[in-house]
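First comes the structure, then the notes that go with it.
The values are calculated or read from the model by the stated rules, or taken from the named source; none is laboratory data. Just so you know, these numbers come straight off a predicted model, no measurement behind them. Methodologically, a virtual Cβ is constructed for each residue, glycine included, from the backbone with ideal geometry; neighbour enumeration extends over all protein chains shown.
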Amino acid sequence: MTTLYVDADACPVKDEAIRVGERFDVPVIMVSNAWFRLPDSPVVQRVVVAEGPDEADNWIAERAGPGDVVVTADVPLASRCVAAGAQVISPNGKPFAEAAMGMRLAVRDLNTHLREIGAIREGGPAFSKADRSRFLNQLDPMMRRALNTAV
């Protein structure tokens, strides 16, 4: 059975993920370290994990597999889920592909190091309407592929 997992703590597309989950009638599991308000929906399940930097990531990675879709901006979590056979998409609509994971992890590690030494002082670009639109345009076909994989 296909499940849509959302790394929900700082996810700007929770409502969009829920709408897609409702359209495809799949469980949408919102995983976070803290409770927050969610729209009422029969497909939404809330999981609040213990405080800790990787608790939500570990919970998702232990469950996601072939036929599932994961929404996350976290590159290490994406890498773990892709390796497990899940399809993964970032909130800005960019899918994570197995062939590109090594490079994405390396870039993430480099940027982390540059921020730590003060060479980079600002984060990435702000989340935009174009990002939200790209997310929705990419999530629909990804869900169809996941449903076909799960059969």
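Restricting attention to the range 103-151 and to residues that are surrounded by 13 or more Cβ atoms within 10 Å (Cβ to Cβ) and at pLDDT below 75, the residue that is farthest from CYS11 (Cα to Cα) turns out to be ALA150. Can you tell me how many residues in the range 1-57 are within 16 Å of ALA146 (Cα to Cα), surrounded by fewer than 22 Cβ atoms within 10 Å (Cβ to Cβ) and among the small types (Gly, Ala, Ser)? Qualifying residue count, the range 1-57: 0. Within the range 79-94, residues that are more than 17 Å from ALA8 (Cβ to Cβ) sit with their Cβ atoms under 8 Å from residues that are β-branched (Val, Ile, Thr) and at pLDDT 95 or above, at 6+ positions apart or across chains, in these pairs: VAL82/VAL88; GLN87/VAL69; GLN87/VAL70. Taking residues in the range 1-19 that are in contact (Cβ under 8 Å) with a residue 40 or more places away in the chain and under 13 Å from ALA73 (Cβ atoms), and partners anywhere that are of a type in the set (Ser, Thr, Tyr) and not in a loop (DSSP other than H, G, I, E, B), the pairs with Cβ atoms closer than 6 Å and at least 6 places apart or on different chains are ALA8/SER32; ASP9/SER32.
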